[in-house]
Structure formats: C-alpha cells, structure tokens
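Structure, as structure tokens:
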C-alpha cells in the first residue's frame, strides 16, 4: 500500500517543562541548534515522504512561524555582517514544503489518539501512513533513519501485516517505567521482529510476570493503514477517559496482525527534563562538530 504521508503528534502541553512551555511548545526546545521537531520532519523527508502533517494544539503559532517565516531581517543583518552562510540552515527549513500544520480538534477528548484523528480528513482510505510522536527520537549514525527503516519493513511484509510498530529492547525496570511492554505471539531473531499479541502500558511487576511480557517497548514510530479509524473514533475512550492510539492498535492486533520491529539506532525520548538532557548529550556526542569537545568535557567533570 502506498505511503506518502506522515502524521506527527505535537499537540501536548508538555507540562513537565513549565514555565518555558507556557509560550514555547516542547517540540520547539532545541537539540543542539535545531528544535527537536525538525529532526522528526527531516527523518520523514529523507524517507521520501511527500507530506508531513504536524498536528499542534490550538493557538500554537510558534511552530507554523518556524517553518514559514522568511526572517528577512535576520538574513539582511547577516549579509551586512558578511555572515550569510549562517542563514543557510534557515533556508533549508523554509525549503521544507512537505510540511503541513493543522490544529488538533479542540472538541476531541484528551489523549494521544486525538492528534491522529484530527488528521483523518486529510487522508486517503487507499494509503498507509507513518505516525510519529513528537517526544520520541532515534539517533542513527549510519544514516539509515528510523522512518525509512519502518517503511521498508512494512513494504517487505505488505499483505502480511495490518500495522508495524517500532520497538526497542531496554532493561526491564526501564521499559516498565517508560512505556508499553509487548507480549509476542512469536518472535523472529533473524529479522529482529515479532507478531504482537498485546501490550501493557507501564506494567507493574505483577502484570509483567502474569502476562509474560518482554522488556521490548513500543514507541512513536509506526505504520498503520486507514483501517485504524475503524477503532480510533471520538467515542472510543479508554483509561482516564482519554482517546488512546494504543487501544486502537490493540483492537487491530486482536482482529488482524500487528508486527513490532526493533529498529537500528539509539532510541531516546525528550518527555521530561532529565530525558531531554540525556538526549542532548547523545546528540552532542555524535555531532561531527561538537562530539570530540563534548566527550572531553564530560571526561573532565569531577562529580562528588
């Protein structure tokens, strides 16, 4: 099934980062010299996608401005200073014509399924789609970006799966705290992938053992087809009255086939200040300009 579009959910409030997110969306906080959302957009564009729909909360004009404002005053000032080369990075952002920004429907319930449902009217029933969560990042030094990896795996298994979720194997206690741990019907070590039976969000130790879960956690890189909207509807609320994408995925797995593919690369999330600074460090260490100096600086620290 054709894949031309990605949907990035970036409509949360990011309340763990207050007060800064009162005015600046969390996805606009920088990783080195770019907002974290730009890494996700670039991942999608490099995978050859023609359209990247960013779903933002109502009134979020900062992200729209970032991708569209020509910043002529900055360009002119840098030209006067003989520093025009610094503006090249801005030109690259403005050239991302694949970006489309929409507002999440404020009448929908709270939950991570609402940004996806808000994009439904822009989608074709004849295609599959890449879904991303704005918190989740994957650092792939070999250049094989995460979106291309999951699209390639989907096409390799086309006709044999209804959805593909990205997975990462973590230490058990970390996986339990961070996200949804998977119970597999089967797992193929050769392809580092398996068929999901179900998953449990942040399971207790008792739930982990009782359900025979694995420390493989799914995260915000996935491919689904339009049939996800058979289950993702405004009235299909779940825990805490929220609209959960995970619930729609669970129903898909129950009636069809959902595969989990462990992607190459370093998974990280920017969901809270500590995870955010760890992500910063990973990216600095792997940056061609700053990596060596960052490594030396970290080595020089004396922690009492």
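Taken together, the values in this text are just the output of simple stated rules run on the coordinates, not laboratory data. No experiment lies behind these values; they were computed from the predicted model shown. Neighbour counts run over all protein chains shown; Cβ positions are idealised from the backbone, glycine included.
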Cα pair distances in the stretch 44-165, grouped into 10 Å bins until the bin that holds the longest one, percent each: 10, 31, 33, 18, 6, 1
Among bridges DSSP assigns within the chain, what percent are antiparallel (round to 5)? 60 percent
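For the ranges 240-253, 11-24, 85-98, 168-181, what's the packing order if you count other beta-carbon atoms within 10 Å of each residue, average per peptide, and put the highest first?
240-253, 168-181, 11-24, 85-98
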Simple SL model, points at 7 angstrom along Cα→Cβ for residue 177 and residue 292; separation in nm is 3.6 nm
Assuming 0.36 nm per residue, please report the length gained on full extension of the stretch residue 22 to residue 71 beyond their Cα-Cα distance. 15.3 nm
Calculate how steeply helix 36-46 sits against the longest principal axis of the alpha-carbon atoms of the chain, using the helix alpha-carbon long axis, and give the answer as 0 to 90 degrees to the nearest 10. 80 degrees
Ranked highest first by average number of other Cβ atoms within 10 Å, how do 291-303, 226-238, 146-158 line up? 146-158, 226-238, 291-303
Can you tell me the Rg and the Dmax, both Å, for the Cα atoms in the chain? 19.9, 67
Counting only backbone N atoms under 16 Å from a point 7 Å out along Cα-to-Cβ of residue 227, the residues of the stretch 110-130 in range are 125-129
In degrees, nearest ten, helix 273-285 long axis to first principal axis of the chain (Cα): 70 degrees
Using 7 Å Cα-to-Cβ label points, what is the residue 266/residue 185 separation (nm, one decimal)? 3.6 nm
Could you work out how far the C-alpha centroid of the stretch 27-59 sits from that of the stretch 236-290, in angstrom? 15 Å
In whole angstrom, how far apart do the alpha carbon centroids of the stretch 133-210 and the stretch 1-26 sit? 21 Å
As I understand it, the value is the acute angle between the Cα axis of helix 245-255 and the longest principal axis of the Cα atoms of the chain; what does it come to in degrees, rounded to 10? 40 degrees
Prolate/oblate/rounded call for the stretch 205-273, Cα gyration tensor, a/c under 1.5 rounded: rounded
Grab the Cα-Cα distance for residue 122 and residue 155, subtract it from 0.36 nm times how many residues apart they are, and report the gain in nm with one decimal. 9.6 nm
What full-extension length gain, to one decimal in nm, is calculated for residue 96 and residue 207 as 0.36 nm per residue of separation minus the Cα-Cα distance? 35.5 nm
